[in-house]
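Step one of this worksheet: look at the structure below.
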Amino acid sequence: MNYWSIIELIYDDDTLNHIAKHSVTIDEVIYVLKHSKKIATRLKGNHYAIIGESNGRCLVIIITRVRGNAYILRTARDCSEKEKRLYARKFKR
């Protein structure tokens, strides 16, 4: 089972406005979490970076675990060139 597809994603209007500044939509975030091949990396504490694709676009999603399978969406943005290479090496051989 794809763990990231069953999480409860928590976000508000401020978060949606923030990711919109990066030209990312909530639909793209949800697609990456539910359907994309992804690389998940634990950062400090309960923070995670998820790298995945939506419509051929490489995205990085930052989320924070708050309880059980509930995570707060912190931000989402386009992958850097380094992140794109990492993703391509793992999934696009």
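The values are calculated or read from the model by the stated rules, or taken from the named source; none is laboratory data. Model, not experiment: these values are computed from the prediction. Backbone-built Cβ (ideal geometry, glycine too); neighbour counts: all protein chains shown.
Considering the conditions (1) buried (at least 17 other Cβ atoms within 10 Å of the Cβ); (2) farther than 17 Å from SER80 by Cα; (3) modelled with pLDDT under 95, LYS38 is excluded by exactly one of them, (2). When ASN69, ASN2, ASN55 are checked against the criterion of being surrounded by fewer than 16 Cβ atoms within 10 Å (Cβ to Cβ), more than 26 Å from LYS92 (Cβ to Cβ) and either of a type outside the set (A, V, I, L, M, F, W, C) or at pLDDT below 95 (or both), ASN69 stands alone in meeting it. What residue, among those in the stretch 1-21 that are in a loop (DSSP other than H, G, I, E, B) and in contact with a helix residue (DSSP H, G or I) (Cβ under 9 Å, 6 or more places away or on another chain), is farthest from ARG77 (Cα to Cα)? By that ranking, first place goes to ASN2.
If you check ALA76 against the conditions, is it small (Gly, Ala, Ser) and more than 12 Å from the chain's Cα centre (by Cα)? Against the criterion (small (Gly, Ala, Ser) and more than 12 Å from the chain's Cα centre (by Cα)), ALA76 does not qualify. How about the stretch 22-62: which of its residues are charged (D, E, K, R) and either in contact with a strand residue (DSSP E or B) (Cβ under 9 Å, 6 or more places away or on another chain) or part of a strand (DSSP E or B) (or both)? Listed by number, the residues that qualify are ASP27, GLU28, LYS37, LYS38, ARG42, GLU53, ARG57.
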